[in-house]
Amino acid sequence: MNDTAQWIVLMGFVVSFSLFFLAVILNQSTVVGQTTAEAVSEFPKEDIRGVRTALLQSNMYWASVNDQTNIRLDIENISLTRQNAVIRIYAPISVNDTYWLYPIHYNNGVTEYNERWKFP
């Protein structure tokens with residue numbers, strides 16, 4: 001028997017198995033990095049800014065209670081039909097009679113975002 005040849009074959013199997021194992025690990029890390037990057041790029045930043053802009057332009061602070069309800073419903077319905085996103089703008093909360101907080105909830109099926117928009 002030739003012991004040297006057996007060691008060469010055994011080391012070939014060890015190196016082959018090691019390369020295969022490293023290739024699997026690298027493949028998995030690439031997939032994780034890709035899905036993380038896609039999740040960041042799918043964050044609907046402009047849609048949320050659009051909701052805030054609609055709130056600011058609607059002058060909800062100066063409107064009556066019925067008008068505020070109608071404005072909220074209009075913004076929620078438009079966002080549902082145009083952006084396929086569920087938006088809830090809850091009743092404003094007064095903070096020490098100095099400013100108002102408007103809680104906003106955004107959900108498009110992928111991203112869920114909550115914010116309290118401050119109105120002076």
**Message:** Using the Karplus curve 6.51 cos²θ - 1.76 cosθ + 1.60 with θ = phi - 60°, what ³J(HN,Hα) values do you get for each residue of region 51-58, in whole Hz, with x for Gly and Pro?
**Reply:** 5, 4, 5, 4, 5, 5, 6, 7
**Request:** Could you run the Debye sum over the Cα atoms of region 45-119, one equal point scatterer each and no solvent, and tell me log10 of I(q)/I(0) at q = 0.12, 0.15, 0.26 Å⁻¹, two decimals?
**Result:** -0.30, -0.47, -1.33
**Request:** Quick one: order 69, 98 by neighbouring beta-carbon count within 10 Å, fewest to most.
**Result:** 98, 69
**Asked** Are there chymotrypsin sites (Phe, Trp or Tyr not before Pro) in region 67-120 that DSSP puts in a loop and that have at most 12 other Cβ atoms within 10 Å, and which ones?
**Response** 90
**Item:** Residues 18, 79, sorted so that the one with the fewest Cβ neighbours within 10 Å comes first
**Value:** 18, 79
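Where a number appears in this text, it was derived from the coordinates with a stated rule and is not lab data. It should be emphasised that the depicted structure is a prediction, and the values quoted were computed from it without experimental measurement. Every residue, glycine among them, receives a Cβ derived from its backbone with ideal geometry; neighbour counts consider all protein chains shown.
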